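Down below is the structure, laid out as structure tokens.
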Amino acid sequence: MTDRIRLLQALRLKGRVTAEDVAPAAGLNPDAATSVLADLAAAGLVESVRDRRKLTADGRAELDALLAEERKGVDQAAITAAYHEFDEHNRAFKELVTRWQLRDDTTPNDHTDPAYDAVVIAELAALHARFRPVLDRFVALAPRLGHYPQRFAAALERIEAGEHSWFARPLVDSYHTVWFELHEDLIGLAGLSRTAEAAAGRAS
């Protein structure tokens, strides 16, 4: 059931996506993802659009029902407390993304200054280390989130290896992409809404 929810949620978050790309987002190996996708397609929950997969209306309804059932089994007081801690890290991460994309708040960062980028990357690594215990608490409260630590670690490893597009590029499993998707999962688990969180300035 965990694989099913992870795949449905990954498809919801990413829209139309290839089977190859949805597998890591769901924390599954390609063979397992292909098998689950086939089952979901047979049930009318997923459909193919050219070489990509997307949720059907029934798939969205199924996911909503599964997430609602999951939420009943999660300690809401503990999730809410951890979510408030996440918010502190979320603000710090948003500031780092802004600094990665802009210099002096207005000048686009063209990434021609290695020293500047190195400082921001070092601060991301420090944030990653500070945030990891909170992430581990979320995983303990909701084991379905167990694929997030590896996704974050993989993105950070690629950034530190010089693949800087893995900091905030939207079309790959970048650190920012993983952060956004985790935030969406946490909003749902805490019984909140993206609209309300955005209005409060807490959207990723």
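Please work out if ALA41 is in contact with a helix residue (DSSP H, G or I) (Cβ under 9 Å, 6 or more places away or on another chain) and in a helix (DSSP H, G or I).
Answer is no for this residue.
Considering each residue of region 91-147, count those that are of a type in the set (Asp, Glu) and part of a helix (DSSP H, G or I), and give that number. So that I can check it myself, show each step before the final result.
Within region 91-147, the subset of a type in the set (Asp, Glu) is 95, 104-105, 110, 113, 117, 123, 136.
Now restrict to residues that are part of a helix (DSSP H, G or I): 95, 117, 123, 136.
Counting residues in region 91-147 that are of a type in the set (Asp, Glu) and part of a helix (DSSP H, G or I) gives 4.
Taking THR80 as the residue in question, decide whether it is in the same structural domain as GLU181 (by TED's automatic domain parsing), of a type in the set (Ser, Thr, Tyr) and outside any helix (DSSP H, G or I). If you could, list the steps in order and put the result at the bottom.
Details: in the same structural domain as GLU181 (by TED's automatic domain parsing): yes; of a type in the set (Ser, Thr, Tyr): yes; outside any helix (DSSP H, G or I): no.
No; evaluated as a whole, the condition is false for this residue.
For a quick check of your reading of the model, give me the residue pairs whose first member lies in region 111-137 and is at positive phi, whose second is surrounded by 12 or more Cβ atoms within 10 Å (Cβ to Cβ), with beta-carbon atoms closer than 6 Å and at least 6 apart or on different chains.
If the second residue must be surrounded by 12 or more Cβ atoms within 10 Å (Cβ to Cβ), the pairs left are HIS111/ASP117.
May I ask you to list the residues in region 122-159 that are in contact with a helix residue (DSSP H, G or I) (Cβ under 7 Å, 6 or more places away or on another chain) and of a type in the set (Gly, Ala, Ser)?
ALA125, ALA142, GLY146, ALA155 - these are the residues of region 122-159 that are in contact with a helix residue (DSSP H, G or I) (Cβ under 7 Å, 6 or more places away or on another chain) and of a type in the set (Gly, Ala, Ser).
Of the residues SER48, SER35, only one is in a helix (DSSP H, G or I) and not charged (D, E, K, R); which?
On the way: SER48 fails: in a helix (DSSP H, G or I).
One residue alone meets the criteria, SER35.
Scan region 149-160 and report the pairs whose first residue is within 16 Å of ALA122 (Cβ to Cβ) and surrounded by 15 or more Cβ atoms within 10 Å (Cβ to Cβ) and whose second residue is of a type in the set (Ser, Thr, Tyr) and at pLDDT 95 or above, with Cβ atoms within less than 6 Å and a gap of 6+ or a chain change.
Between residues of region 149-160 that are within 16 Å of ALA122 (Cβ to Cβ) and surrounded by 15 or more Cβ atoms within 10 Å (Cβ to Cβ) and residues that are of a type in the set (Ser, Thr, Tyr) and at pLDDT 95 or above, the close pairs are ALA155/SER174; ALA155/TYR175.
How many residues are part of a loop (DSSP other than H, G, I, E, B) and in contact with a helix residue (DSSP H, G or I) (Cβ under 9 Å, 6 or more places away or on another chain) if we restrict to region 1-32? If you could, list the steps in order and put the result at the bottom.
Of the residues in region 1-32, the ones part of a loop (DSSP other than H, G, I, E, B) are 1, 15-16, 18, 26-29.
Then drop every residue that is not in contact with a helix residue (DSSP H, G or I) (Cβ under 9 Å, 6 or more places away or on another chain), which leaves 1, 26-29.
The qualifying residues number 5.
Residues of region 99-148 being more than 30 Å from ALA77 (Cβ to Cβ), of a type in the set (Phe, Trp, Tyr) and surrounded by 18 or more Cβ atoms within 10 Å (Cβ to Cβ), which ones?
Let us first name the residues in region 99-148 that are more than 30 Å from ALA77 (Cβ to Cβ), namely 99-125.
With the extra rule that they be of a type in the set (Phe, Trp, Tyr), the set shrinks to 100, 116.
Selection gives TRP100 alone.
Determine whether GLU70 is among the charged types (D, E, K, R), part of a helix (DSSP H, G or I), more than 14 Å from ASP185 (Cα to Cα) and modelled with pLDDT under 95. Break it down stepwise before answering.
Numbers: among the charged types (D, E, K, R): yes; part of a helix (DSSP H, G or I): yes; more than 14 Å from ASP185 (Cα to Cα): no; modelled with pLDDT under 95: yes.
Judged against the criteria, GLU70 is not a match.
Taking the options LEU96, LEU45, name whichever one is of a type outside the set (Gly, Ala, Ser), surrounded by 12 or more Cβ atoms within 10 Å (Cβ to Cβ), at pLDDT 95 or above and outside the structural domain of GLN150 (by TED's automatic domain parsing).
Working: LEU96 fails: outside the structural domain of GLN150 (by TED's automatic domain parsing).
The conditions single out LEU45.
Does region 135-158 contain any residue that is farther than 29 Å from LEU67 by Cα and either modelled with pLDDT of 95 or more or not charged (D, E, K, R) (or both)?
First, the residues of region 135-158 that are farther than 29 Å from LEU67 by Cα: 157-158.
Within this subset, residues satisfying the condition of being either modelled with pLDDT of 95 or more or not charged (D, E, K, R) (or both) are 157-158.
The answer is yes, given that some residue of region 135-158 is farther than 29 Å from LEU67 by Cα and either modelled with pLDDT of 95 or more or not charged (D, E, K, R) (or both).
Just give me the residues in region 8-23 being modelled with pLDDT of 90 or more, surrounded by fewer than 21 Cβ atoms within 10 Å (Cβ to Cβ) and not charged (D, E, K, R), in sequence order.
Selection gives LEU13 alone.
The values are calculated or read from the model by the stated rules, or taken from the named source; none is laboratory data. Given the structure is predicted, the values throughout are model-derived calculations rather than measurements. Cβ atoms come from the backbone with ideal geometry, glycine included; neighbour counts cover every protein chain shown.
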